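A.B. asks: Dropping the structure in here first, questions after.
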Amino acid sequence: MKRITFHTLCKVFLATATLLVGGCKDYLVELNENPNGADPGSVHPNLVLSTVLTQTARSYLILGYQDLAGVMQHTQKDGWVGTHNNYDWQGSNGWDSYFEVLRNNKIVYDRSVELGYEFHQGVALVVKSYVFGLMADLWGDVPYSEALQALDGGVETMTPRYDSQEAVYRGVLADLETANTLLSKAKADYAATLGKADVYFNDDPAKWRAFANSLMLRYYMRLAEKLPDVARPGIERIVADPTTYPIILQANGDATMAFPGTNNTDAWPFNETFDATAGSDFRRIKLCSTFVEYLRSVSDPRLGVWARRVQIPIRVDGTVATGTDRVIDGVRVISPDVLAARGIAIDDVNQNPDYVGIPPSINGPQSYNLSPDLNQASNNPHVSWLNDRYRQPRGDLLKARLISAAEVHFILAEAALKGWAAGDARTHYEMAIQTSFDAWGLSAAYAGYVAQPDVAFDGSVRRIIEQKWIASWTAAAEAWFDWRRTGYPQLATGSQAIGPVLPVRFYYMTSERELNKANVEAAIANLATTAYTPFGATGGPGNSAWSKPWVIQGTGKPW
């Protein structure tokens, strides 16, 4: 967090006995003043809100499109693979960007209160809930109640205490209840609106209200195992009163952000147009075999929207002349003796004619499936790359997806399966798939897809969560949190991962452990160490990606 950086600078000034006039607090205030920025005491909330919304959406997209897509085996990388394929997160995945959003969002909220702008207040509470809830999901206990007080220049809050994960979740739900009320008016009844700053819903308070209540459903379901006496009545209250608690039920109400794509800062991330790495950021992301094989097994048409067919399929053919290894009519044909000479078993060659994924956490993924290019970020023609649309800086389907109708229906299907008053489980399950297909432009393919035996509703949590995992493409963070509490989909790690099972949280960063030591140690003490803790542990055995946070302690999940 930047507040920690300022505190560090202040200590340096004191330690060197230079420039001591005015004291540490005055330096903190001075360092926080930006001569090129807007004055928080007079700025219009819309001028800050646009940055808050774009940074929130982009941060969430990158989280679910990059490393967590690797954890949940949507994708694998064939270059610079450590954090993506193998969960080697020591020294990465900090929360600075989240606190930057929260600091700016506090300016929006405080100014909105001063001006009496209720629409803005409601939106700011939704953003606050979204980001703090996400941080609690990722780390466990986090700074919350004291986290943003340093904005007022108070040195005593430079080392904020960590609130429990449970307390953060309860705070999120309380703020969303308030937001629901603040966002309940017709647009014309607000003293001011968001205008063009609203890059999610085009200045529509009704859609923001549905976003707030849908986010409540997400966090009630997050608590379903630990606090069922909170989760069940919370979900049932929302479902029973759609007038008071509207939710996102159709794809056209999804909380998404499109990309203008005019420069690197407002374009789809890792595109080729503005890529300083000459396209390697795009090229090194390939489909994971776990995801590919599941989608192929159910003939899922979304695979073709998200991925590109292999450029050159492989066929091992015992009828061709010995020594054969060449491309014939667009197919690389290899005789078995060629593989035997290389010590490669026929079963180790993926001969899918359409889509081929890289297995998770393997050694040398750039060489997988007889790649002729062994460089990192390789041009391997025998595995599936992302669809060419992901090369582009913008596009109709290139959106950050913060929460969707599909997710809402999957939550309600799961709640109904538990026996809660949330509607019909089958209906919600099928609507979840329908709205996902709608969002990806595949509405006409829905009926045939859902009629398949391996897709049709079977009354199991596993079926619901596996389909929810598919629908979380580019938003894999939510799939990770679902897997963590349910154990689905059942995923196995590969040989090169630094732990024998998938991780369940992010590490607390070195900077926090150095500068806020007592509070971090208290938070670490609230984690439950496991048999897997020594793998990749940093900063002590408790602060591990395999130490369980409160939300899954005692549940027996995911392992």
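The values are calculated or read from the model by the stated rules, or taken from the named source; none is laboratory data. Owing to the predicted nature of the structure, the values given are computational and were not obtained by experimental measurement. Heads up, the Cβs are rebuilt from the backbone with ideal geometry, glycines too, and the neighbour counts pull from every protein chain shown. Areas reflect the complete protein model, heavy atoms only, side chains present, ligands, DNA and RNA absent. Shrake-Rupley method; radii C 1.70, N 1.55, O 1.52, S 1.80 Å.
A.B. asks: Which log10 I(q)/I(0) values does segment 405-542 give at q = 0.21 Å⁻¹ under the Debye formula, counting every alpha carbon as one identical point scatterer?
C.D. replies: Those come out to -1.18, one per q.
A.B. asks: Further question: Using a 1.4 angstrom probe on the protein heavy atoms only, could you order R111, R462 from most to least accessible area? Display every interim value, and only then the final one.
C.D. replies: Working: R111 25, R462 105 Å².
Listed by decreasing accessible area, they come as R462, R111.
A.B. asks: For segment 153-298, taking Cα atoms only, what is the radius of gyration to one decimal and the Dmax to the nearest whole Å?
C.D. replies: 20.6, 58
A.B. asks: For the charge dipole of the chain, defined by +1 on Lys and Arg C-beta atoms and -1 on Asp and Glu C-beta atoms about the Cα centroid, which residue among Y368, Y390, A240 has the Cα displaced farthest towards the positive pole?
C.D. replies: Y368
A.B. asks: A further question follows. What distance in nm separates the two pseudo spin-label positions at R296 and I328, each 7 Å out from Cα along the beta-carbon direction?
C.D. replies: 2.1
A.B. asks: Sorted from largest down, what three extents in whole angstroms do the Cα atoms of segment 297-398 have along their principal axes?
C.D. replies: Rounded to whole Å, the extents work out to 49, 27, 24 Å.
A.B. asks: On a 19 Å Cα-Cα criterion, which of the cross-link pairs K418/K557; K468/K548; K128/K226; K128/K187; K128/K185; K106/K399 come out too long? Intermediate values should be presented prior to the final figure.
C.D. replies: Numbers: K418/K557 17 Å; K468/K548 23 Å; K128/K226 23 Å; K128/K187 22 Å; K128/K185 21 Å; K106/K399 26 Å.
From the list (K418/K557; K468/K548; K128/K226; K128/K187; K128/K185; K106/K399), the Cα-Cα distance tops 19 Å for K468/K548; K128/K226; K128/K187; K128/K185; K106/K399.
A.B. asks: Let me ask something else about it. Please work out, to two decimal places, the log10 of the ratio I(q)/I(0) at q = 0.19, 0.23 Å⁻¹ from a Debye calculation in which every Cα of segment 241-320 carries one identical scatterer.
C.D. replies: Listed by q, the Debye log ratios stand at -1.07, -1.14.
A.B. asks: Specify the inter-centroid distance of segment 309-363 and segment 401-473, based on alpha-carbon positions, in whole Å.
C.D. replies: So the two Cα centres are separated by 36 Å.
A.B. asks: Add +1 for every Lys or Arg and -1 for every Asp or Glu among the other residues with Cβ under 14 Å from the Cβ of T54, and state the total. List each step's numbers first, then the result.
C.D. replies: Details: positive: R58, K196, R394, K399; negative: E100, D198, D266.
Its environment carries a net charge of +1.
A.B. asks: What does the charge add up to near N85, with Lys and Arg as +1, Asp and Glu as -1, over the other residues with Cβ less than 10 Å from its Cβ? Walk me through the intermediate numbers first.
C.D. replies: Numbers: positive: K77; negative: D67, D78, D88.
Local charge sum for N85: -2.
A.B. asks: Still on this model: Within segment 349-428, what whole-number % of the accessible surface is contributed by carbon and sulfur, with the 1.4 Å probe and all protein chains included in the calculation? Provide the component values of the computation, followed by the final result.
C.D. replies: Values: 1170 of 2750 Å².
So the carbon and sulfur contribution to the accessible surface is 43 percent.
A.B. asks: Please sort 186-195, 356-365 by packing, taking for each peptide the average over its residues of neighbouring beta carbons within 10 angstrom, highest first. Kindly include the intermediate steps, with their values, before the conclusion.
C.D. replies: Working: 186-195: 13.4, 356-365: 22.1.
The densest-packed peptide leads the list: 356-365, 186-195.
A.B. asks: Mind checking Rg over Rh on segment 66-170, alpha carbons, Kirkwood formula for Rh? If you can, show how the numbers build up before the last one.
C.D. replies: Details: Rg = 16.8 Å, Rh = 15.7 Å.
Computed over Cα atoms, the ratio is 1.07.
A.B. asks: Kindly provide the pair-distance distribution of the chain built from C-alpha pairs, with 20 Å bins from 0 and whole-percent values in order of increasing distance.
C.D. replies: 20, 53, 24, 4, 0
A.B. asks: Right, something else. Just how far, in whole angstrom, is segment 542-559 from segment 163-233 if you go by their alpha carbon centroids?
C.D. replies: 27
A.B. asks: Based on the alpha-carbon set only, what is the convex hull volume of segment 405-470 divided per residue, in Å³? Can you show the working numbers first?
C.D. replies: Values: hull volume 4.5 nm³, N = 66.
Normalising the Cα hull of segment 405-470 by residue number yields 68 Å³.
A.B. asks: Right, here's the next one. Take the Cα gyration tensor of segment 273-352, multiply each eigenvalue by 5, square-root it, and list the three semi-axes largest first, rounded to whole angstrom. Intermediate values should be presented prior to the final figure.
C.D. replies: Working: eigenvalues 165, 65, 30 Å².
Working through the eigenvalues yields semi-axes of 29, 18, 12 Å.
A.B. asks: Can you give me the solvent accessible area of L125 with a 1.4 Å probe, rounded to the nearest 10 Å²?
C.D. replies: Solvent-accessible area, nearest 10 Å²: 10 Å².
A.B. asks: Any chance you could look up the accessible area of K517 with a 1.4 Å probe, heavy atoms only, rounded to 10 Å²?
C.D. replies: 120
A.B. asks: Once every DSSP H run of n ≥ 4 in the chain is given -39500 (n - 2.57) and the sum is divided by its residues, what mean residue ellipticity at 222 nm do you get, rounded to the nearest 500 deg cm²/dmol?
C.D. replies: Working: 21 runs with 239 residues, N = 559.
Calculated at 222 nm, the ellipticity per residue is -13000 deg cm²/dmol.
A.B. asks: Can you give the Rg to Rh ratio for segment 36-93, taking only C-alpha atoms and Rh from Kirkwood? Please list the in-between numbers first.
C.D. replies: On the way: Rg = 17.0 Å, Rh = 13.7 Å.
Rg/Rh: 1.24.
A.B. asks: Can you divide the C-alpha Rg of segment 334-386 by 2.2 N^0.38 Å and report the result to two decimal places?
C.D. replies: 1.13
A.B. asks: Something else: Tell me, what % of the accessible area of segment 203-261 is carbon and sulfur with a 1.4 angstrom probe? Don't skip to the answer; put the middle values down first.
C.D. replies: Working: 1090 of 2080 Å².
Whole-percent figure for carbon plus sulfur exposure: 52.
A.B. asks: For the chain, with every protein chain kept in place, what is the accessible area per residue (1.4 Å probe, Å²)?
C.D. replies: Working: 21510 Å² over 559 residues.
Result: 38 Å² of accessible area for each residue.
A.B. asks: Another question, if that's okay. Assuming 0.36 nm per residue, please report the length gained on full extension of the stretch Q490 to D373 beyond their Cα-Cα distance.
C.D. replies: Details: separation 117, 0.36 × 117 = 42.12 nm, distance 3.20 nm.
Net length gain for the segment: 38.9 nm.
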